[in-house]
Each structure stands twice: as C-alpha cells, then as structure tokens.
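Taking it in order: structure first as structure tokens, then the write-up.
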Amino acid sequence: MSIWIILKCLGSLALLMFGMKSVSDSLQKLAGPQLRHVLGSMTTNRFTGALAGMFVTAAVQSSTATTLMTVSFVNAGLLTLMQAISVIMGAHIGTTVTAWIMALGFSFDIVGFVYPAFFFGIILIYMKKRRMIGDFLFGAAFLFLGLGTLKATGFELANDPETNQVVSAFFSNFSEPTFFNALFFLFMGTVLTLCVQSSAAIMAITMLLCSTGILHIDQGIMLVLGENIGTTITSNILALNANTQARRAAFSHLSINLLGVVWAVILIRPFVAFVCNIVGFDSQLTPSDQGYASNLSKTTIVLATFHTAFNVANTLLLIWFVKYIERFVCWAIKPKTVVEEEDFRLHFITSGIMKTPELSVLEAHKEIESFAERMQRMFGMVRELLTEKDEKKFTQLYNRIEKYEGISDNMEFEIAKYLDQVSDAHLSDETKSKIRSMLREISELESIGDACYNMARTINRKVQGKQDHFTDKQYEHLHQMMELTNNALQQMNVLMSGRKESFDVNRSFNIENEINNYRNQLKSQNIIDINKHEYTYAVGTIYMDIISECEKLGDYVVNVVEARMGTRQKSA
C-alpha cells in the first residue's frame, strides 16, 4: 500500500510539472515577441524594470523563463546589467502567482473543471489558428489534475498508518526549533529544487506535507526559503558559457535571493508570526486541540502568503541597492581571458536547459547577426590584402582570412545544428517560418565567406605567380567595386541588427543593380584593354576573377536580405 501511495504521489507530481511546463510554453508562444518587447522597453529605471519582470513572469508562469530571457538579453547586449538586476527582482514577485495557483488547487476541488478543459482543448488543438490556446488549456488541465491527484494522495498518505509513520518519524527528528534544524530544511529545499529544476513542484510537495500535518509550518517555510535559492541555479548553469555580463546577471539572481534568505532567517520568528496573523493561522495548535482540522487547511494559504510577502519585501528592500549589487557581482565575476576575434566561439548560443523556442530563436538571431558582422570584417581584410606590399604582413593577413573561412564553415554548422534542435520542439507557424529564414541566412553568409576566401586566393595566386601589378586604372576599378560591395554588406548588417519594419530594402537592391551594371561595364572594358595590350591576358583574368567574386558576393548579400525580410527578388 505504501509503495503504491509513493508512486501515485510521484506520478501526480510529474503530471503537475508537465502541466506547468505546457502552460508556460504555450503562453510564451502566444506572447513571446510582445513579452520580449516589454522587457526591452520597460527598463528605463529600476522600478519600471521590476514591473516588467513581474508582469512577464506572471504572464508566462515561469521565473526561470524570465531570468533566462533576461540573461540572454544581457548576453546579446540588449539590456544593461543594472536593468537586468531590476527585472530579476520583479520576476521574484511575479513567480509568487504560481504559489497561489498551488494554494487554490489544494484549497478547492477543481478536478471537475479539468475534463471540460481537456475536451475544448483538444478541439482547439485541431483548429490550426487556435492551436496554442488549446495547448494552454491542456497544460492547465494537466496542472490542476496533478494538483487534485496530489491532494487526494495526501489524504491517503495521512490515513495510511505505515507510510505516515515512516515519513512522520523522519521529520520528527528535526522538529525541535533549533538553528541547525532550520538550516537542514533550508538546505533540503535548495537541493530538491536544484535536482527537480522546478520550484513549483517542490512548493506543491511542501504544501502537501504541511496540509496533511506531516510537516510543521515552520519547517515548510524553511523549505520555501530553500526553494528560492535552488531556483536561481538554472540561470547560473545557462550563463556558464555566456559572456561576462550575462554571468554577472545570473549571479545577481543568486545574490539577491541569498541576501533575502539571510535577513529572513534572522527575522524568521516575527516574520512568520506576522504572516500567520494575516491569514488567521495558529501555529501552536496540536491535533488534540479543537479546530485543528480547519486550522490545518489554512497551511497552503500561509505558505503562499509567506512566499509573496518574502519576495515583495526582499524586492522593496534591495531595489534601492541595485547599484551596489551591480558593483558586487562585477567584483565577484571577473572577465574571462580575452579571446582573439578570429578564434571560433559562439557568443550567444549556449547549451542551457529548460529553454523555450522563442528564447532560442532570439539567441540564434543574435548569433547570425554576429556571423554577418564577422563576414564584413573578413571582406575588409581582403581589401587590405589587395594593396599590401610587405611580404610578411601579406602572409599573415592571408592566413587570417583563411582562418576566417574555417570559422564561417563552423558557424554555419553549429547554428544550423542548434536550429535543428529547436525545430524538434512544438513550434508555432511563425517560429517555424523564422527558423527556415535563418537556415537560409546562414547558408548565404557562409557563401559570402567562400567568396571572400576565393578573392584572397586569387590575389595570393597573383603574388605567388609573380604576375605583373595591376594598372592604376585597374586598382581604381577594383577599389570602386569593393566599395560598392562593402556598402551592400553594410546595409545587410544594418538590417540584421535592427528591426526589418524600418529597413528600406530597395537600398540593397539598388546597390546590387549598381554592382551588376559595373561588373558588365568592366567586363567589356577588360576585353578592350587586353586587345590594346595595356596589360597581359593573365593579369586581366585575375582582375576579372576578383570583380566576378565581388558580384557573386553581392548576390549572396541580397539573398540574406531577402531571407530576413521574407521577400524574394530574382538577382541578375
């Protein structure tokens, strides 16, 4: 009997966790871009930043998702560290909504409403335009079904003498109100949350044990404090491979909650008494006292109230010290050793856990933006190579270009692999379309790298073959063509780093037409100049090879622009 109850408890907990994840994922798919815009715009000061964090977390029902989004924004340079700290503080308040959902599930019988939600949810899932709403209903139904089953299992646990005796005996060893016992439950809450990677799941278990009388409310409150520490670990794991500012943002998340737990433990007696007084709960009642059962039913409300009071008080207290928290995390997290820009390293895509498609698409886009900037730097090296006279510097520059070509191949492969992993998730049609566009973008960017390398090889072949120098006229034409090509790359990077709604795509198409017309003009002129013996046929061939590669590069740039804009125009 006892084994069956434990398995039923674990199964209902798994159902609850799945429901929470489904609800959070569906809400992020429904409002992901808008929520990102809220985070990006509502951070003018510490108070609006906290409000943004609170609103987004309450909307997506996941402080982890908000924190990971914030860390990624810092990693991408969209938020400053100070803005991120205020957003994270607000997320701590927003996440208290989850505890109230748990308390609602334990306080009322809501299982009866679950089955209509399943019915309407499955209908909406098969309606393509309402699929995400159906996902939300299904997730919410699983969540409340898990809560209802967990509540019923709790009563079975309380009424089963064998299991109740074993569990109660374990917790009774730590029932004395000593500092060591308090730290034990604090540590237990931290470790369990870290292992399960869901503070909501551990909150549900805490409410279950307290509402059945197995766990005293004081012990439950220490578990809740431990959960607040354990939930910060995820963002720190994610930030391990991120840049310094992102790691600092993640560490600030941990620091804020640690500071909060420290003062809460110091003031735990008056704080708990204050919360119990608000709810009308008497922590001194024993099972033999009259009114014990009705008093016990209030434990879930006490835990939810304490969770809210703690996070609100901690935010109101520490929001005035954001500047000092920023200084502390900057002191604690030192910058990594500087890596040469030509060493292969993805800056924004990280191997975190519990990430969402919307967040993943943002990271991939920032990585592609970095890819595009790298390709323009590579083209700048080719322009330098054309006029480099010093043999040693020429060799060094050519080797750098060769290394960049390898980097472009690796970046295409790694970003494509990452997008392939993202596409395995349940995605909205809009996100699927974004991923298809991104795959096309990285393919064309890699082709830009190939074109740059081809130009460098052509220039190197000319130097190694001891060919005659280009004439002044040829140099002038090459510089003019390369200037047009660089303008095309510059326009492409303006688009990649900004909002496509404000980008004038005709500029890119006009530059491409200029490149095509200039290539045709130089092609005709090249034949005339060779016939006039102004330079040799071999020099003319190398000259036109570079011109042709510039024209090809311009085509690839237009293809990137088209992929980003979602348009298609036949290039000449």
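See the values below:
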| item | result |
| --- | --- |
| Top-ranked residue in the stretch 362-406 [being open to solvent by less than 30 Å² (accessible area, probe 1.4 Å) and over 23 Å from ASN487 (Cα atoms); ranked as modelled with the highest pLDDT] | PHE394 |
| Residue in the stretch 296-352 that is farthest from PHE47 (Cα to Cα), counting only those that are aromatic (Phe, Trp, Tyr) and modelled with pLDDT under 75 | PHE344 |
| The stretch 251-277, subset over 18 Å from ALA91 (Cβ atoms) and either of a type outside the set (A, V, I, L, M, F, W, C) or touching a Gly at 6+ places or on another chain (Cβ under 7 Å) (or both), residue least open to solvent (accessible area, probe 1.4 Å) | PRO270 |
| Exclusive hit being open to solvent by 40 Å² or more (accessible area, probe 1.4 Å), in contact with a Gly (Cβ under 9 Å, 6 or more places away or on another chain) and assigned to a helix (DSSP H, G or I), set LEU194, LEU186 | LEU194 |
| Selection from the stretch 495-545 of residues that are in contact (Cβ under 8 Å) with a residue 40 or more places away in the chain, in a helix (DSSP H, G or I) and within 30 Å of MET438 (Cβ to Cβ) | LEU495, MET496, SER497, LYS500, VAL505, SER508, PHE509, ILE511, GLU512, ASN513, ASN516 |
| Some residue of the stretch 106-127 being of a type in the set (S, T, N, Q), outside any loop (DSSP other than H, G, I, E, B) and modelled with pLDDT under 80 | yes |
| Restricting the stretch 504-528 to residues that are out of contact with any helix residue (DSSP H, G or I) (no Cβ under 7 Å at 6 or more places or on another chain) and modelled with pLDDT under 90, the residue that is least open to solvent (accessible area, probe 1.4 Å) | ASP504 |
| The stretch 49-97, subset at pLDDT 80 or above and of a type in the set (Ser, Thr, Tyr), residue nearest to CYS210 (Cα to Cα) | THR96 |
| Residue that is among the acidic types (Asp, Glu), more than 28 Å from ASN399 (Cβ to Cβ) and either surrounded by 14 or more Cβ atoms within 10 Å (Cβ to Cβ) or under 47 Å from the mean Cα position of the chain (by Cα) (or both), where the choices are GLU501, GLU483, GLU549 | GLU501 |
| Residue list for the stretch 407-428, filter: open to solvent by 10 Å² or more (accessible area, probe 1.4 Å) and under 16 Å from ALA563 (Cα atoms) | GLU412, ALA416 |
| Cβ pairs under 8 Å, 6+ apart, first in the stretch 431-456 and free of Cβ contacts under 8 Å to residues at least 12 places away in the same chain, second among the polar types (S, T, N, Q) | LYS432/SER423 |
| Selection count, the stretch 248-278, where residues are assigned to a helix (DSSP H, G or I) and free of Cβ contacts under 8 Å to residues at least 24 places away in the same chain | 6 |
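Each row is one residue, and each column tells you yes or no for (1) open to solvent by 20 Å² or more (accessible area, probe 1.4 Å); (2) within 20 Å of ASN181 (Cβ to Cβ).
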{"position": "GLY213", "(1), (2)": "yes, yes"}
{"position": "ALA249", "(1), (2)": "no, no"}
{"position": "VAL279", "(1), (2)": "yes, no"}
{"position": "VAL302", "(1), (2)": "no, yes"}
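The values are calculated or read from the model by the stated rules, or taken from the named source; none is laboratory data. If you're wondering where the values come from, they're calculated on a predicted model, not measured in any experiment. Ideal geometry is used to build each Cβ from the backbone, glycine not excepted, and the neighbour counts take in all protein chains shown. For the accessible areas, the whole protein counts, side chains as well, though only heavy atoms, and no ligand, DNA or RNA atoms are used. Shrake-Rupley method; radii C 1.70, N 1.55, O 1.52, S 1.80 Å.
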